[in-house]
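The values are calculated or read from the model by the stated rules, or taken from the named source; none is laboratory data. Just so you know, these numbers come straight off a predicted model, no measurement behind them. In this analysis, Cβ positions are derived from the backbone assuming ideal geometry, glycine residues included, and neighbour counts consider all displayed protein chains. Quick note on the areas: whole protein, heavy atoms, side chains included, nothing else; ligands and nucleic acids left out. Shrake-Rupley method; radii C 1.70, N 1.55, O 1.52, S 1.80 Å.
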Amino acid sequence: LTSLARLAAAGRDPAMAFSVVRRMAAAGIPPRLRSYSPALFAYCYARDADGAAEVEADMNARAVVPEETELAALLRVNADTGRADEVYRVLHRTRTLVRQVCEATAQVVEAWFRSDAAAEAGVEKWDARKVREGVVKGGGDWHGQGWLGKGQWDVGRSEMDKNGTCQRCGEKLVCIDIDPSEAESFSKSLTELACKREVRDDFVRFQVQCLVHSLTPQVTGLLNTPSVPNYLSQK
């Protein structure tokens, strides 16, 4: 059936390719990513953002997670059709699932930010309180409030030096882009590492603080306290 979906996609019939996936599900055969990809790519190639969104929604309903290639296709079709809100959503989904993109995906992202649609996408007024709350809840400076401000973006590539300073703008890196779930996982990893060593009162206090303060800023702050690095460095 996956081969049939690919043939339909090759014939530029995304609806037929998607119907094959639905037939698989109806027959009790769980569709996988390779089953959805032909239909998704065919819709994206046809610049049918609504069709692509329908495929993505069906994937989500069946817990099928897209990879970078599928996300890049979704970014491109939504950018090409000027769907700023969808570009925002897919960008942050890519941030969560992919973390480091390839050159082809980077070019899609750059093309969006250089477009007129990107310059006109933002709102001119926003609630600063909600932005601050979003940053705390979302982690990694992601506020989740959509595009803020209007105007052309300054797009360029750069590198960070060993001190965490951007070679293009001169600003220094002040946070690590991890969300609360990653912070919790990081905290658990530290716990497992430390539990392999002799239990000490200072680590027990640190573990309690991690449970109480699970957000990224607090966890990274705790790691900067003298007792934690000293303890982890001991045999």
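Key figures for this structure:
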| read-out | value |
| --- | --- |
| Whichever residue in segment 36-63 is open to solvent by less than 60 Å² (accessible area, probe 1.4 Å) and closer than 20 Å to Val101 by Cα and, among such residues, is modelled with the highest pLDDT | Glu56 |
| Among the candidates Ser19, Ser37, residue that is part of a helix (DSSP H, G or I), of a type in the set (Ser, Thr, Tyr) and closer than 20 Å to Thr105 by Cα | Ser37 |
| Some residue of segment 57-66 being closer than 28 Å to Asp116 by Cβ, of a type outside the set (Lys, Arg) and touching a residue at least 24 places away in the same chain (Cβ under 8 Å) | yes |
| Spans of helices (runs of 4 or more DSSP H) in segment 87-198 with at least 1 residues touching a Leu at 6+ places or on another chain (Cβ under 6 Å), among the hydrophobic types (A, V, I, L, M, F, W, C) and modelled with pLDDT of 90 or more | 103-113 |
| Within segment 12-32, considering residues that are within 19 Å of Val77 (Cα to Cα) and among the hydrophobic types (A, V, I, L, M, F, W, C), the one surrounded by the most Cβ atoms within 10 Å (Cβ to Cβ) | Ala17 |
